[in-house]
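S.K.: Sending over a structure as structure tokens; questions will come in a sec.
The values are calculated or read from the model by the stated rules, or taken from the named source; none is laboratory data. This one's a predicted model, so the numbers in the text were calculated from it and none came from an experiment. Neighbour counts are summed over all protein chains in view; Cβ atoms, including those assigned to glycine, are modelled from backbone coordinates with ideal geometry.
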């Protein structure tokens, strides 16, 4: 018979999983306390929740949310990173952390992920980590939209500039 603490934990996990747009399952074994704290603060800055949870309870909750194929991912110590607002934020944080710690550091390692309702393997993490942020994509979009308008304005102003140039050269030749 399950105890009340596990029932409450399961309910909290269900809620987190149903609200998250992405869930990254990571292996954190081998990180020192300082490294773990640094990783947690990076996640906090990116509005990502990073928690260690019981695999048994997580397995029940993911199945209840309709995600299959995570049994192998939920073996061994596992920490979950919940991307609620930006589903690619956890991938960028992990990539940034690994870059800061150097090439020798391989943890946290992504074991698998749930992205926008799809269960994906760890190889998809690399693609997500290399995506530009939402702000960068918006800036590129605005730049792309602004460029044709600038070109049109330049074309429309060219005859006026040419006329002014001709008048100025006439004035100089008269003087």
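S.K.: For residue 23, are the conditions met, namely being more than 15 Å from residue 76 (Cα to Cα), assigned by TED's automatic domain parsing to the domain that holds residue 83, assigned to a helix (DSSP H, G or I) and in contact with a helix residue (DSSP H, G or I) (Cβ under 7 Å, 6 or more places away or on another chain)?
M.R.: Here the answer is no, as residue 23 does not meet what is asked.
S.K.: Have a look at 136, 172, 116 and point out the one that is exposed (fewer than 11 other Cβ atoms within 10 Å of the Cβ), touching a strand residue (DSSP E or B) at 6+ places or on another chain (Cβ under 9 Å) and either closer than 30 Å to residue 51 by Cα or modelled with pLDDT of 80 or more (or both).
M.R.: Checking each option against the conditions leaves just 116.
S.K.: Of the residues that sit in the stretch 119-133 and are touching a strand residue (DSSP E or B) at 6+ places or on another chain (Cβ under 9 Å), free of Cβ contacts under 8 Å to residues at least 12 places away in the same chain and not in a helix (DSSP H, G or I), which one is nearest to residue 66 (Cα to Cα)?
M.R.: The extreme case among them is 120.
S.K.: Then there is this: Would you confirm whether any residue within the stretch 106-118 is part of a helix (DSSP H, G or I), in contact (Cβ under 8 Å) with a residue 12 or more places away in the chain, under 22 Å from the mean Cα position of the chain (by Cα) and in the same structural domain as residue 74 (by TED's automatic domain parsing)?
M.R.: Checked the stretch 106-118: no residue is part of a helix (DSSP H, G or I), in contact (Cβ under 8 Å) with a residue 12 or more places away in the chain, under 22 Å from the mean Cα position of the chain (by Cα) and in the same structural domain as residue 74 (by TED's automatic domain parsing).
S.K.: Go through the stretch 57-94 and give me each residue that's without any contact (Cβ under 8 Å) to a residue 24 or more places away in the chain and either under 20 Å from residue 44 (Cβ atoms) or crowded, with 23+ Cβ neighbours inside 10 Å (or both).
M.R.: Matches in the stretch 57-94: none.
S.K.: It is to be established whether one or more residues within the stretch 49-59 are part of a strand (DSSP E or B) and farther than 13 Å from residue 17 by Cβ.
M.R.: yes
S.K.: Additional query: Given the conditions (1) within 15 Å of residue 114 (Cβ to Cβ); (2) at pLDDT 90 or above, which single one is not true for residue 71?
M.R.: Exception for residue 71: condition (2).
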